[in-house]
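Bear in mind these aren't lab numbers, they're just calculated from the coordinates by the rules spelled out. As the structure is a computational prediction, the values presented were derived from the model and not from experiment. With ideal geometry, Cβ positions are generated from the backbone for all residues, glycine too; neighbour counts draw on all protein chains shown.
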Amino acid sequence: MSTETTASVSTHVLDTGVGRPAAAVPVRLSARAAGPGDAPWTVLGDFATDADGRCADLPPLPEGTAHARLEFRTGTHREGGGDFFPEVAVVFAVVPGEHFHVPLLLGPFGYSVYRGS
């Protein structure tokens, strides 16, 4: 949940290759503050998608966060692996007080992300 000075994040992973949610995908959430140059990333925690492919219990971003990063370990969710993209990192700008739902649509040889609602 976001406040006027923080932002919140949720995500959803769908495996378009099999037409189902991607369960048990490890997800890492990190944040970095605004500032000159590239500020260091702070890891906020490691999570996993549920049976519906959702990761909705992510913590609020710290006050002053300018960018958030979701790292998906996508090579672990299918039996035998074989995904062309074993990891997907998504970095996005955040605005205090807003919620950012960032779904990942994952196929065997491609992926897409967008800001959802």
Over the chain, relative contact order from alpha-carbon pairs under 8 Å, at least 6 apart, %: 35 percent
Ala93 versus Ala51: modelled label distance in nm, points set 7 Å from Cα along the beta carbon direction: 4.1 nm
Difference of contour (0.36 nm per residue) and Cα-Cα distance, Thr16 to Val43: 6.9 nm
Length gained when the stretch Thr76-Ala34 is fully extended (0.36 nm per residue, less Cα-Cα span): 11.8 nm
Loop GluC sites (Glu not before Pro), region 11-117 (other Cβ atoms within 10 Å of the site Cβ: 13 or fewer; DSSP): Glu63, Glu79, Glu87, Glu98
